[in-house]
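The values are calculated or read from the model by the stated rules, or taken from the named source; none is laboratory data. Quick caveat: nothing in here was measured; it's all calculated off a predicted structure. Note that we place each Cβ from the backbone using ideal geometry, even for glycine, and neighbour counts take in every protein chain shown.
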């Protein structure tokens, strides 16, 4: 595609969470620092919230990669599970052996034994749950009971919840108030500022191997910010499309017009129907031209 044209080793604006592209903006760095301090404190629940596309999953992976050898981490990306199934998932993550027909009581005892064994080895165990707003209420209560496992000195299991703002509303319910009271650290991950977005784009290009002059013009960055609202996932989607349009025209600098075309082709960016169709047609024509070139 356009990677070789712009002197890139890889595509810079993928939407798959890749920790090598983690950008330490003031907010994301504060969130990471909060997680690290909370993990070392060894107490209770930790909660990170943010709107869709603000980088919660990437933050989660960066956090787990940053923890030292003193930590054992378990990661459950889709916690829309009943309590027993969640315990089975946790057991798998912690490499707890169990029989297929094991009941919940024996499963809990096996998990506790594994946690005790790890504690004797000087390890701290941390469970990270992504998309936590989807956790059923009965499963949240089961998680609270898991944090009752402790020695005289500290908890045997810490739990980090990464979720959309809907998680906050769920935690306000009277039925799970005990869990809400156990959240000792929390942080809300917001969008990028205009200046942060400029550095974000440059950072991802640099990680991808770009060594040339400024690739996105200031006007293009302004349009990216206005169209995305500073949401990193939308920035990535539109920056990728803008680079495709720029390449398709044989240009060396991404202009505001390229971002406009990318924005009109992006469903999550609200635009009137007629410019959206026009933008989609322009990008489709560019893609068709590129496909024909590659096929030759």
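Quick check on my filter: what residues within the range 16-45 are in a helix (DSSP H, G or I), under 23 Å from residue 127 (Cβ atoms), touching a residue at least 60 places away in the same chain (Cβ under 8 Å) and touching a helix residue (DSSP H, G or I) at 6+ places or on another chain (Cβ under 9 Å)?
28, 31, 35, 39
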- Message: For the structure I just gave you, tell me whether residue 67 is surrounded by 19 or more Cβ atoms within 10 Å (Cβ to Cβ) and under 23 Å from residue 151 (Cα atoms).
- Response: no
- Message: So in the range 257-280, with the set limited to residues that are modelled with pLDDT of 90 or more and farther than 13 Å from residue 240 by Cα, which one is surrounded by the fewest Cβ atoms within 10 Å (Cβ to Cβ)?
- Response: 257
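Working only within the range 46-95, note down all residues that are over 25 Å from residue 169 (Cβ atoms), part of a helix (DSSP H, G or I), in contact (Cβ under 8 Å) with a residue 12 or more places away in the chain and more than 11 Å from the chain's Cα centre (by Cα).
64, 65, 66, 84, 87, 88, 90, 91, 93
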- Task: State whether one or more residues within the range 97-120 are within 25 Å of the chain's Cα centre (by Cα) and either in a strand (DSSP E or B) or more than 24 Å from residue 48 (Cβ to Cβ) (or both).
- Result: no
- Among the residues of the range 190-225, which ones are touching a strand residue (DSSP E or B) at 6+ places or on another chain (Cβ under 7 Å) and surrounded by 20 or more Cβ atoms within 10 Å (Cβ to Cβ)? 201, 215, 216, 220
- Residues of the range 226-256 that turn out to be surrounded by fewer than 24 Cβ atoms within 10 Å (Cβ to Cβ) and touching a strand residue (DSSP E or B) at 6+ places or on another chain (Cβ under 7 Å), as a count: 0
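Regarding residue 61, is this residue at pLDDT 95 or above and exposed (fewer than 13 other Cβ atoms within 10 Å of the Cβ)? Give the derivation first.
Numbers: at pLDDT 95 or above: yes; exposed (fewer than 13 other Cβ atoms within 10 Å of the Cβ): no.
Spelling it out, it is not the case that residue 61 is at pLDDT 95 or above and exposed (fewer than 13 other Cβ atoms within 10 Å of the Cβ).
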- Message: Among the residues that make up the range 179-201, is at least one of them out of contact with any helix residue (DSSP H, G or I) (no Cβ under 8 Å at 6 or more places or on another chain), in a helix (DSSP H, G or I) and closer than 30 Å to residue 141 by Cβ?
- Response: yes
- Note on the structure: All conditions in (1) modelled with pLDDT of 95 or more; (2) more than 20 Å from residue 25 (Cβ to Cβ); (3) assigned to a helix (DSSP H, G or I) are true of residue 251 except (3)
- Item | Some residue of the range 125-134 being in the same structural domain as residue 34 (by TED's automatic domain parsing), surrounded by fewer than 18 Cβ atoms within 10 Å (Cβ to Cβ), under 21 Å from the mean Cα position of the chain (by Cα) and in contact (Cβ under 8 Å) with a residue 24 or more places away in the chain | yes
- Residues 148, 78: which one is farther than 21 Å from residue 183 by Cβ and at pLDDT below 95? 78
